[in-house]
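Note sheet for the following structure.
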Amino acid sequence: MSAETTIEVAAVAAPRRRTLPAIMLPALGVLFVAVFLLSIGRGSVAIPVDQVVAILLGGEGDRASWSVIVMDVRIPRAITAALSGAALGVAGLQMQTLLRNPLADPFVLGISSGASLGVAVVVLGTGSTVGAVFGAGLGLTGDLAITAAAIIGALLVLIPVLAISARVRNPATVLVVGLMLGYGIQGFVSILSAGTSPELLQRWMFWSFGSFTGVTANKLPIFAPLIVLGIAVAFLTVRQLNVLLLSENYARSMGLNAGRMRIATLGGAAVLAGTVTAFCGPIAFLGVAIPHIARGVLGTSDHRLLVPGVVLIGAILAIAAQMIALLAGDGVLPLNAVTALIGAPVVVAVLLRSRRGAFVS
Amino acid sequence: MKPILSTALLALTGALVAVPSFAQPAENPDACLTAFDPAADYFPQKADVEYAENFTVAYHGSYKVVTVVEPSPGAPSETYVLLQCGAPLPELPAELAGAPVIEVPVATIHSESATHFPMLEAIGMIDRLTGVSSAAYTTTEAVIAGAAAGTIIEFAPTFTIDVETVIDGEPALFMTGGFTTAEHGQLADAGIAVVANAEWLEPTVLGRAEWVKYIALFFNQEGEAATAFDAIDAQYAATMAEVASLTEGERPLVFTGAASEGIFYAAGGRSYVAEMIADAGGRYIFADNDDTGSTGLTDIEVMLDEAAEAEVWINANSAYRTLADIVADDPRLAALPAAQAGAVWNYDRITSPGGGVAYFDLGVLRPDLVLIDLVKIFHPEVMADRPFTFYRPITVE
Amino acid sequence: MSTAITLEHLSVGYRGRGATHAVLTGLDLAVEAGAFVCLLGANGTGKSTLLRTLARMQKPLAGRVLLSGVDIRTLPQAALARLVGLVLTERFDVAALDVYRVVALGRYAHQGWSGRMSDADHAAVRNALAAVGASHLAQRDCVELSDGERQRVNVARALAQEPAVLILDEPTAHLDAASRAELMALLQELARGHGLAVVASTHDIDLALRSADAIWLASAGRVLAGAPEDLVSDGSLGRALSTGSVGFVPETRSFRLWRPGGRIARVEGSGLPASLAAAVLERQGFEIVAGDAPILVEAGDDGAWALRSPEGEVSGRSWASLAAAVRSVARAPPP
């Protein structure tokens, strides 16, 4: 599970390939720290670096608002982005391996849409009392209600997608089914939203843009443990994910209890996708892109290296996307626009390459 | 909810009564001509447009030529010929060859925007309204009651015009909300007179309110509209005068808008809100911004920085009732001085059961009442005897 | 020798909605440790179904399967994996995973919760690679392998499980002729040298009859088991594998196409020239007989040939010219 173990294995197994992950994983760790610090140092308000450092060391900035910005905006946002990116990457990796589909991820397969439906039912469907949660909030209770609804919604889509993928071998077909499920749910959400107030609708629209800034320090105690729990499932099942690389039949023949593994992975991916969607909105395409980038960077499909790699690359990419959204234009770009620009080319590249049988048979 | 609403409406009625009453015209403007005199002027009361820039009207004996300069953002101008009912079709100049000819006064109207209803009420023509896009978001009681009784149909409850419903409703006039959609073309093809109402593209609040005169053109109610608008104009000017002499230091720093998921949505520096903050004796944090609508998506960092010294926060979030609500939503916003001081105001004192907010419909016709509210918020000692119409503060326990 | 695989009154097939569809029934068979069994049968006779049932990938309709004396239904998945290694027809391609790691996946059922590779694990992987002669491939990426190499690696992966039983579903499919022969020799060696019970289905009858200790012949809902030579000599192989137009020739242990209205010919000569001359004639639809025939080809040891027919006699020195002569004779109307 630890990097130590994996590197030791690599040393015995494959001296030629050992070098790449052995260098890349620590390098990614360094890059993550750098990007994380950069995102705390740079934002839409220009705060001098020495001021940021002083604030981080517990001092006061020249302007009182700067302390608030660094401590209450930038740090929670960086943590949220890092956790969300890691979560989406891990969920994408789990689904790509479990479904043996290089294009699978929570967004593409409609799992994020399912989570959105859960959120919509709570926010738009139940009328004004709970609906107020979305804006002003019932605080903890409201956040928990929305998160639980999102996870249930994610599961409600994951289960049929998994059932369909068991019957249909063609990855593209599973993908189309996922897209259709997503569209169906969007339609349902539209119907739900027809009777709601314009103000709520506007908030819904903002939420669907995706944002890591909405998770404030007081929400992190719900958000972070759920993400850590979901990612822990992946770390604890790297061996199982590895044997699933060949095929589910081979995995069984090598001793995998596939049913139990499926439930664990399903639950973990639903918690990850549901939690991120509940707090940050449906984030497009990061989940599908991160595992492929990780495979490329680390040069391996071994999950003992891939899972930590995906966590780091996901965190880095999400923070980078957040910074691009903040700094690229005048004002804020919708986060989903940035993540789509990052993720869509990866999906296209995978589609074009998959003819050569790079990942699936 | 209900008692609060009716109390609020009572207060509102009181405010309306304060405006000089609208006189009934001497002759019946509804009557069609039975005999035609080419030399006669059939429109003795003429609209005199002072502020509005997005429509023009010219009178020609038995017809008026009305032009909407920008009927929808970026759209080319549209011209309509409004012909006195009973008059023969005149020889029109070549440039008006393709213009729709609409017989006035119109007997019935369908309207896409709740902002039209208070204007129709002001000129005494609300009973001509037979169709609305949705009765859910209006606070005009006559419309809510009419929709409930079935005398007013709802033709776009899900935001898309149901063309068949409109055609079946046979309105003499269909007035848009200032956005051109494909359905408008279908309605025009079906022989329904579709006219634009792009009041929201006016640069000033008084120009926008003056569109009451535009609506009146179709009912030959120019006199009523002038009476109503003059009172609004006068009260706006009088209210402005109350705070005109304040020094810069006496004008509080103000910010607007609501944060959603850490993204802030504030009024632009050229918006109606910014204009009225200035007119009400306030300073707006984004006064230098060039946006006419909103500032677009703004990161919460910028907001926290700019609003760090602001004393008043208006147009926040209708879900905010107490400071605790702001804390629960986003503690970063709750920590702002304006929030800590309880100087957070929302414009939802009057709402309808369907979620309508009077600020958005009545407030368009009555910028004078909005301005009075803002003056009272910024300068509680000024006009202390006047009631609030649209705004309510949060409570701090 | 102990019994590695026992089939008791086994029926295999599929459970449909309400009804069951039995494919093979009444199987009472056993495989000793160290034995190599080839499962033969035409397509659709239930070879894969039987192998899947042996590996517990599907449930039997009746009866039971014992591996090393244990009913497989009672085994946890990992314990089963330590008893039986499986090579399936589904091809696996995993990019960016070297051969060593693929084979090491076979250690899954032996590893503890942490997944740490012990010395024993590494030894098992190395032994498995050595056993299939793929040690030199250890650091190659799987997608770079040839089909034959990949199949060897796949066998090594199953061997890394250190099973008592190896089950392979058509392992020689998609392989070239040399790789097929090598793989069958490898399976034979794994049985002989490593004491494994190996069961492989195949369509390579000739290779199977040469390498297998026993043949299981699936046909018409039953499985006939026996030594290869017994099944050849009693004709059951011929009956099971022949169809209306293709016949199994026991002597050559190969198939021949029957042609309607075939004509007969006789070949005189010996050795390679005689068999090549016979091959030329058969290709043109003649059946070679020992007795008198209207067509006679004399094949000399020096490669010269002479053809006698009712039309006369021709002769030549190359097989191509014989083929041309046979064609012209074949076109002539039969007397």
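In this structure, the amide hydrogen of C:ALA225, modeled 1.01 Å from its nitrogen in the peptide plane, lies closer than 5 angstrom to those of C:LEU217, counting only residues at least 5 positions away or on a different chain. Neighbours of C:THR202, meaning other residues whose beta-carbon lies under 11 angstrom from its beta-carbon, give a summed charge of -2 when Lys and Arg score +1 and Asp and Glu score -1. Remark: the protein assembly as shown carries a charge dipole of roughly 7080 debye about the Cα centre, counting +1 on each Lys and Arg Cβ and -1 on each Asp and Glu Cβ.
From the residues C:GLY16, A:VAL276, B:GLY356, which one has its Cα farthest along the dipole of the protein assembly as shown in the positive direction, the dipole being from +1 and -1 charges on Cβ of Lys/Arg and Asp/Glu about the Cα centre? The listed residue farthest towards the positive side: C:GLY16. Counting Cβ atoms of other protein chains within 10 Å of each residue's Cβ and taking the mean over peptide C:134-146 gives 2.
Straight-line reach from C:LYS47: taking Cα to Cα under 12 Å and skipping same-chain neighbours fewer than 8 places apart, the aspartates and glutamates in range are C:ASP169, C:GLU170.
For the residues of C:80-88, the average number of beta carbons from a partner chain within 10 Å of their own beta carbon is 3. About its Cα centre, the dipole of the range B:7-233 is roughly 200 debye, where the only charges are +1 on Lys and Arg Cβ and -1 on Asp and Glu Cβ.
Model label points for A:LEU38 and B:ALA234, set 7 angstrom from Cα along the Cα-to-Cβ axis, are 6.5 nm apart.
Coupling constants for the range B:248-257 follow from the phi torsions by the Karplus curve (6.51 cos²θ - 1.76 cosθ + 1.60, θ = phi - 60°), and in residue order they are 3, x, 8, 9, x, 7, 10, 10, 10, x Hz; glycine and proline get x.
When the accessible areas of A alone and B alone are added and the area of the pair subtracted, with a 1.4 Å probe, the result is around 3000 Å², both sides summed.
Between the amide H of B:THR295 and those of B:ALA266, B:ALA267, B:GLY268, distances stay under 5 Å, these residues lying 5 or more places away or on another chain, with hydrogens modeled in the peptide plane. Cα centroid distance between the range C:101-166 and the range A:62-113, in Å? After rounding, the separation between the Cα centres reads 37 Å.
Centre-to-centre separation between the Cα atoms of the range B:82-152 and those of the range B:234-300: 33 Å.
Residue by residue, the range C:46-61 carries 3J(HN,Hα) couplings of x, 4, 5, 4, 5, 5, 4, 5, 4, 8, 6, 7, 9, 7, x, 7 Hz when phi is fed to the Karplus relation 6.51 cos²θ - 1.76 cosθ + 1.60 (θ = phi - 60°); x denotes Gly or Pro.
Normalised per residue, the accessible area of the range A:23-353 is 34 Å², obtained with a 1.4 Å probe and no contribution from ligands, DNA or RNA. The distance from the alpha carbon centre of the range B:172-219 to that of the range A:223-260 is 61 Å, rounded to a whole number. Within straight-line reach of B:LYS213, meaning a Cα separation under 20 Å, sit the following lysines at least 8 residues removed in sequence or on another chain: B:LYS46, B:LYS64. Once neighbouring chains are kept in place and the probe is 1.4 Å, which whole percent of the accessible area of chain C is contributed by carbon and sulfur? After summing per-atom areas, the C and S share lands at 53 percent. The accessible-area loss of the range A:249-275 on complex formation, taken against its chain alone with a 1.4 Å probe, reaches 40 Å² or more at A:ASN249, A:TYR250, A:SER253, A:MET254, A:GLY255. Taking 4.7 Å between C-beta atoms as the pairing limit, the protein assembly as shown has these partnerless cysteines: A:CYS280, C:CYS38, C:CYS142.
Each Lys or Arg adds one and each Asp or Glu subtracts one; over the other residues with Cβ under 12 Å from the Cβ of B:PRO252, this totals -2. Looking at the range B:7-233, the accessible area is 43 square angstrom per residue; that uses a 1.4 Å probe and ignores ligands, DNA and RNA.
Rounded to 0.05, the FRET efficiency of the B:HIS60 and A:ILE159 pair, given R0 = 45 Å and the Cβ-Cβ distance, is 0.05. Amide H contacts for C:LEU86 (H built 1.01 Å from N in the peptide plane; partners 5 or more residues away or on another chain; cut-off under 5 Å): C:ILE167. As a fraction of the 1.4 Å probe accessible area of the range A:23-353, surface on carbon and sulfur atoms comes out at 73 percent. Here the peptides A:224-233, A:149-158 are ranked by packing, the mean other Cβ count within 10 Å, and the order with the highest first is A:149-158, A:224-233. Peptides C:155-168, B:125-138 ranked from most to least packed by the mean count of surrounding Cβ atoms within 10 Å: C:155-168, B:125-138.
Sorting B:ARG283, A:ARG353 on solvent-accessible area from highest to lowest, probe radius 1.4 Å, gives A:ARG353, B:ARG283. 3J(HN,Hα) along the range C:235-252, derived from phi through the Karplus expression 6.51 cos²θ - 1.76 cosθ + 1.60 where θ = phi - 60°, amounts to x, 5, 4, x, 5, 6, 9, 7, 10, x, 10, 10, x, 8, 9, x, 4, 8 Hz, with x in place of Gly and Pro. Per-residue shielding of C:102-110, expressed as the average number of other chain Cβ atoms within 10 Å of the residue Cβ, stands at 5. Between C:ALA332 and C:ASN43, what is the FRET efficiency for a Förster distance of 41 Å, r being their Cβ-Cβ separation, to the nearest 0.05? Given R0 = 41 Å and the Cβ-Cβ separation, E is 0.55.
When peptides C:118-131, B:263-276, A:25-38 are sorted by average Cβ neighbour count within 10 Å, with the highest value leading, the order is B:263-276, C:118-131, A:25-38. To the nearest 0.05, how large is the calculated FRET efficiency for A:ASN170 and C:LEU272 if R₀ is 60 Å and r is the Cβ-Cβ distance? Taking R0 as 60 Å, the efficiency between A:ASN170 and C:LEU272 is 0.75. A full extension of the chain between C:ALA120 and C:HIS9 corresponds to an added length of 36.1 nm, given 0.36 nm per residue minus the alpha carbon distance.
The values are calculated or read from the model by the stated rules, or taken from the named source; none is laboratory data. A quick note: this is a predicted structure, and the numbers were derived from the prediction, not measured. A quick note on method: Cβ atoms are made from the backbone with ideal geometry, for glycine too, and the neighbour counts reach across all protein chains shown. Areas reflect the complete protein model, heavy atoms only, side chains present, ligands, DNA and RNA absent. Shrake-Rupley method; radii C 1.70, N 1.55, O 1.52, S 1.80 Å.
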